[in-house]
Amino acid sequence: MQGYLKCLDCGSEYPIQQDIITCPKCGGLLEIIVEPKKDFSFSKLKGKGVWRYRELIAGEYKHIVSLNEGNTPLIASSTNKNLYFKFEGANPTGSFKDRGMTVAISSAKSLNYKVVVAASTGNTAASAAAYASRAGLRSYIVLPKGKVALGKLAQSILYGTTILEVDGSFDVAMNSVMKLYRELKIVYPLNSFNPWRLEGQKTIAFEIVEDIGVPDNVIVPVGNAGNIYAIWKGFVELMNIGVTDKVPRMIGIQAEGAAPIAKALEKGLDKPEFIDSPETVASAIRIGKPVNWKKAIKAIKSSNGFATYVSDSEILEAQKELARREGIGAEPASAASYAGYLKLVNSGKIDKSEKTVLILTGHALKDPDAMIKAESRRILVNPEHINEIILSDLK
Ligand code: F0G
């Protein structure tokens, strides 16, 4: 597929090349601009998941490292026929990261890299560890010590990566990977400042369009801020090739204690006011200095979208409601998009009649400590008397 790379900061352009990650001139974020493809039709595609859309994914792949990621269920709400949940928890390692990781690791493998690295709040780590193992690459992940949900840490251990823990937030870990990438070019970075990862994540948009067409709104939890841009990019590219005629409003949701983008946009600012010590129960999006903020703001503004934030108690309440009303188990960061939806419907910013898709980015099992906070009836019983409990409940 033809196209070019363009720096969001200095505007420099480069030919498509998977080992160019950040702008060689100024270090800025690169966008992958693909040439609109002629004669594209979904009906001609074969296979399922991310690589079904290979002709729309930039880059050349000698080796494809895949765990059949993507093809996740789009679940209609049981209470509102205009509301849908894109359940990314159904990916092989339980989050949307697998979509980006298959493309990034395939790039690393195709370019003959032997070592990959990622900073993470947990999901990128689990995904990177899994795909690196499958590809036979050595992997290092940098985690904020004591701040990663148990399920994610356990996955990373199981997949056999090397875990490097830093004393500090995710942003400290992220900074160390950026520095490593600048100083040690033999290491391929798997974070979302790597635009090739976002090429995989944009397939979320393709699947939504194949299932229900273009919705009015897509609501995405925002942390390091790559995914909202990736999904928007997918919608824009479909419009550019004439498959669709509009792009949904992209709506970003952050957690109140880690909301540099949402707070800036609400104040009418063009640049986030970074936070040194972000805090939220949604550890996946506990990020104070999102590296992709420019891309996220571009996606939100050019789609006529907006961003807002929700409190920890709203997040946990939404997580519980999703599980108990819809039967869907999502981790807290993912439930933030539902909390945001409820808040926006309440305030009248979204109408229930608008077709809205919430991206549920990760599985509830990722964070057992959060699940356990949702109270349930637990009764120590004499096995002889269980029938009495049920019969008394039914009275
Ligand atoms: N939801 C979940 C479950 C995540 O793990 C993340 C990011 C996001 C939402 C936000 O996506 O960063 O593209 O805005 N997790 C990263 C990680 C930071 O390291 O796993 P984003």
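Miscellaneous remarks
- Percent carbon-and-sulfur accessible area, the chain, ignoring ligands, DNA and RNA, probe 1.4 Å: 50
- Highest mobility in the GNM of the chain, judged by mean-square fluctuation with C-alpha springs under 10 Å and restricted to Lys233, Lys366, Lys48, is found for Lys48.
- For His385, solvent-accessible area (1.4 Å; no DNA, RNA or ligand), Å²: 80
- Electrostatic tally near Lys86: other residues with Cβ closer than 11 Å to its Cβ, Lys and Arg +1, Asp and Glu -1, net -3.
- Accessible heavy-atom area order of Asp367, Asp211, highest first, probe of 1.4 Å: Asp211, Asp367
- Prolate/oblate/rounded call for segment 266-369, Cα gyration tensor, a/c under 1.5 rounded: oblate
- Accessible area (Å², per residue) of the chain, counting only protein heavy atoms and a probe of 1.4 Å: 43
- Here the dipole of segment 222-311 is about 220 debye; that uses its Cα centre as origin and unit charges on the Cβ of Lys and Arg (positive) and Asp and Glu (negative).
- Relative contact order, whole percent, for the chain stands at 16, derived from Cα pairs under 8 Å and 6 or more residues apart.
- About its Cα centre, the dipole of the chain is roughly 820 debye, where the only charges are +1 on Lys and Arg Cβ and -1 on Asp and Glu Cβ.
- Cβ-placed point charges (K, R +1; D, E -1), dipole of segment 53-116 about Cα centre in debye, nearest 20: 60
- Nearest-ten-degree value, helix 312-321 long axis tilted from longest Cα axis of the chain: 70
- Placing unit charges on the Cβ atoms of the charged side chains and taking the dipole of segment 133-259 about its Cα centre, the candidate lying farthest along the positive direction among Asn224, Pro195, Leu153 is Leu153.
- Anisotropy class of segment 308-371 from Cα gyration tensor, a/c 1.5 cut: prolate
- Using alpha-carbon coordinates, inclination of helix 150-159 to the longest axis of the chain, degrees: 50
- Pairs over the 27 Å Cα-Cα cut-off, from the set Lys37/Lys295; Lys44/Lys349; Lys48/Lys147; Lys352/Lys373: Lys44/Lys349; Lys48/Lys147; Lys352/Lys373.
- Rg(Cα) / (2.2 N^0.38 Å) computed for the chain, rounded to two decimals: 0.97
- Gaussian network model of the chain, Cα within-10 Å springs - most flexible of Glu183, Glu321, Glu375: Glu375
- Calculated from backbone phi, Karplus (6.51, -1.76, 1.60) coupling profile of segment 211-228 in Hz, x at Gly/Pro: 7, 9, x, 8, x, 6, 9, 10, 10, 10, x, 10, x, 7, 6, x, 5, 5
- Using θ = phi - 60° in the Karplus curve 6.51 cos²θ - 1.76 cosθ + 1.60, the 3J(HN,Hα) couplings for segment 256-268 round to 3, x, 8, 10, x, 6, 4, 5, 5, 5, 5, 8, x Hz; x is entered for Gly and Pro.
The values are calculated or read from the model by the stated rules, or taken from the named source; none is laboratory data. Everything numeric in this text was worked out from a predicted model, so none of it was measured. Cβ sites come from the backbone with ideal geometry, for glycine too, and all protein chains shown count toward neighbours. Heavy atoms of the whole protein, side chains included, go into the accessibility calculation; ligands, DNA and RNA do not. Shrake-Rupley method; radii C 1.70, N 1.55, O 1.52, S 1.80 Å.
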